[in-house]
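> Below you'll find the structure I mean.
FYI, it's all coordinate maths here, none of it is from the lab. Keep in mind the model is a prediction, meaning the values are calculated, not measured. Don't worry about glycine lacking a Cβ; one is built from the backbone with ideal geometry, like all the others, and counts go over all protein chains shown.
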Amino acid sequence: MNLLQLKQPPKNTPITDLMKNQLLASIALTTLSVSTSATAATVFSENFSTSALSTSAGTQTFGGSSPDVGVGDWHSGRTAVDITNEELQFSLDNNDSRSRGAAVWLNSSTWATGTVTVKFDISGFTAGTGTAASYFQAYSATGVNATDSSVGFDLHAGDEPAPGTTATGSATINTIGTQYAISADGTQLTHTFDFTGQSNIALVFHNTSSGQLQQFNVDNILVTTVPEPSSIALLGMGAAGLLLRRRRA
């Protein structure tokens with residue numbers, strides 16, 4: 001039932017509880033329909049079939065007058081990470097208490113605010129030794145521009161639980177959502193976080209250990225957004241209230 005299907009009582013007939021309940025039920029169904037009708041939109045996908053991977057020790061910056069990487073450029077912390085056989089591969093490496101990582105910056109200025117879902121496949125997982133740990137983490141950046149601001153990652157730092165970050169000028173860089181631990185093979189592993197309108201999002205896969213690094217391959221990355229429930233639902237409830245008030249009058 002919807003609003004158009006409700007049979008209106010005669011003009012001077014008082015609205016009954018039954019009519020009121022029918023109207024509110026119809027509004028509730030309309031609200032549910034509106035708020036669940038939003039579908040996921042794909043904003044990024046990567047299967048590593050053609051992507052290059054830039055490697056460099058130290059911090060690699062995004063933005064600023066001389067950026068090291070651009071939107072959609074995968075970059076890593078030197079050795080032990082590469083794109084091979086159409087996969088992002090983290091090799092089993094005695095890293096001498098160093099971390100390794102790979103990241104890509106995305107332009108999220110046109111994404112709808114709401115829930116972001118990141119899905120990816122992990123294969124070839126082999127556990128490391130010592131303090132070995134691997135994870136996925138999303139980062140957000142704001143204030144990045146081409147002249148005086150930049151953000152960056154040091155993906156070849158010491159044995160830290162997260163890559164080193166930097167931000168200059170008006171730029172900021174922060175984690176968004178929680179870490180997702182990578183500890184076994186899996187297809188379409190899923191991580192979600194709330195997106196509130198930051199202009200850039202980075203996807204970071206990080207591998208760290210004071211002993212031997214873990215080995216795994218990443219593939220078939222898919223990022224989707226689902227907008228927040230439409231304000232139309234709130235407008236509908238407001239209209240229902242006004243209608244009931246008018247009927248009582």
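> Under a Cβ-Cβ cut-off of 15 Å, what is the net charge of the residues other than Gly64 that fall near it, where Lys and Arg count +1 and Asp and Glu count -1?
So the environment of Gly64 carries a net charge of -3.
> Same structure again: With θ set to phi - 60° and the Karplus curve 6.51 cos²θ - 1.76 cosθ + 1.60, what are the ³J(HN,Hα) couplings of segment 104-110 in order, to the nearest whole Hz, using x for Gly and Pro?
9, 8, 10, 7, 9, 5, 9
> Still on this structure, please answer the following. Taking amide H positions as placed 1.01 Å from N in the peptide plane, with prolines and chain starts having none, which residues 5 or more places from Thr55, or on another chain, fall under 5 Å of its amide H?
Correct list: Ser76.
> Would you please give the residues with an amide H less than 5 Å from that of Asn200, counting only those at least 5 places away or on a separate chain, with H modeled from the backbone geometry?
When sequence neighbours closer than 5 places are left aside, the close amide H contacts are Ser108, Ala141.
> Please report the spacing between the Cα centers of segment 159-215 and segment 107-151 in Å, no decimals.
Spelled out, the Cα-based centre of one part sits 5 Å from the other.
> Please turn the phi angles of segment 215-229 into ³J(HN,Hα) values with the Karplus equation 6.51 cos²θ - 1.76 cosθ + 1.60 (θ = phi - 60°), one per residue in order, whole Hz, x for glycine and proline.
10, 6, 10, 10, 8, 6, 6, 9, 10, 10, 10, 10, x, 5, x
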